[in-house]
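Engineer: Here you go, one structure.
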Amino acid sequence: MRGEERVSPALDERIHHPTRLAVMAFLSGCTEAEFRAVREGCGISDSVLSKVVGALEAAEYVKVRKGYVGKRPRTWLRLSPEGRRALLAHLVALRDLAAQAAALGAAAEEASAAEA
C-alpha cells in the first residue's frame with residue numbers, strides 16, 4: 001500500500017471513550033431506558049453514568065427526562081436523533097479503521113513474503 005494515501009477515519013471523540021460508547025450502544029437498542037437499567041446494562045456506577053450522561057447531554061447526543069413513578073423520582077434516557085446519527089457515523093468510522101488496518105497488515109505480510 002505504499003504510495004497510497006491513508007484516510008484517517010472520522011472517529012467522534014465525544015463517543016469514542018469505551019463507557020460513552022457502551023451507553024450510546026445500549027440506548028440505541030431502545031426508545032428510552034430508565035437510568036437504573038442503563039447503569040445495570042452497562043455495568044457501571046451511578047456516578048460514572050451521571051458523568052457520562054452529562055457529557056453526552058452537553059453534546060446533544062442524549063436526552064434526559066425526569067419524572068416520578070408513584071412518589072419515587074426517576075430519570076429516563078434516550079438518544080437524540082443527532083445522537084443516533086453520530087453513533088452510526090462513529091461505527092462506520094470504526095469499521096473503516098479496522099478495514100484499513102487489515103489491508104495494511106495484509107500488504108505488509110505480502111511484502112515480507114516477497115522479500116523472503
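The values are calculated or read from the model by the stated rules, or taken from the named source; none is laboratory data. Small disclaimer: the values here were computed from a predicted structure and weren't measured. All Cβ positions, even for glycine, are placed from backbone atoms using ideal geometry, and neighbour counts span all protein chains on display. Please note that ligands, DNA and RNA were not included when accessible areas were found on the heavy atoms of the full protein model with its side chains. Shrake-Rupley method; radii C 1.70, N 1.55, O 1.52, S 1.80 Å.
Engineer: List the DSSP H helices in the chain whose Cα atoms stretch 20 Å or more along the helix axis and whose mean Kyte-Doolittle hydropathy is at least -0.5.
Structural biologist: Qualifying helices, which must be both long enough and hydrophobic enough, are 81-115.
Engineer: Rounded to the nearest 500 deg cm²/dmol, what is the calculated helix-only ellipticity per residue at 222 nm for the chain, with -39500 (n - 2.57) per DSSP H run of length n ≥ 4?
Structural biologist: Helices in the chain give a 222 nm mean residue ellipticity of -20000 deg cm²/dmol.
Engineer: Among Ser47, Ala37, Pro73, pick out the residue whose Cα is farthest towards the positive end of the charge dipole of the stretch 1-90, where Lys and Arg carry +1 and Asp and Glu carry -1 on C-beta, about the Cα centre.
Structural biologist: About the Cα centre, the residue reaching furthest to the positive side is Pro73.
Engineer: What is the ratio of the Cα radius of gyration of the stretch 48-116 to 2.2 N^0.38 Å, with N the residue count, to two decimals?
Structural biologist: 1.95
Engineer: Sticking with this one: Distances over 12 Å make up what percent of all Cα-Cα pairs in the stretch 33-76?
Structural biologist: So the portion of pairs separated by more than 12 Å is 62 percent.
Engineer: With a 1.4 Å probe and all protein chains kept in place, how do Tyr68, Tyr61 rank by accessible area, largest first?
Structural biologist: Greatest to least solvent exposure: Tyr68, Tyr61.
Engineer: Also, I was wondering about something else. So if the hydrodynamic radius of the chain is defined as the Kirkwood radius over C-alpha pairs, what does Stokes-Einstein give as its diffusion coefficient at 20 °C and 1.002 mPa s, in µm² per second?
Structural biologist: Answer, rounded: 131 µm²/s.
Engineer: FRET efficiency for Ala58 and Ala102, Cβ-Cβ distance as r, R0 = 35 Å, nearest 0.05?
Structural biologist: Calculated transfer efficiency: 0.50.
Engineer: Per residue, how much accessible surface does the chain expose to a 1.4 Å probe? Answer in Å², no decimals.
Structural biologist: Normalised by residue count, the accessible surface of the chain is 67 Å².
Engineer: Compare the Cα positions of Ala98, Ala116, Leu27 along the charge dipole of the chain (+1 at Cβ of Lys, Arg; -1 at Cβ of Asp, Glu; about the Cα centre) and return the one farthest towards the positive end.
Structural biologist: Among Ala98, Ala116, Leu27, the one farthest towards the positive end of the dipole of the chain is Leu27.
Engineer: Another question, if that's okay. Report the gain in length on full extension from Glu109 to Thr31: 0.36 nm times residue separation, minus Cα-Cα distance, nm rounded to one decimal.
Structural biologist: 23.6 nm
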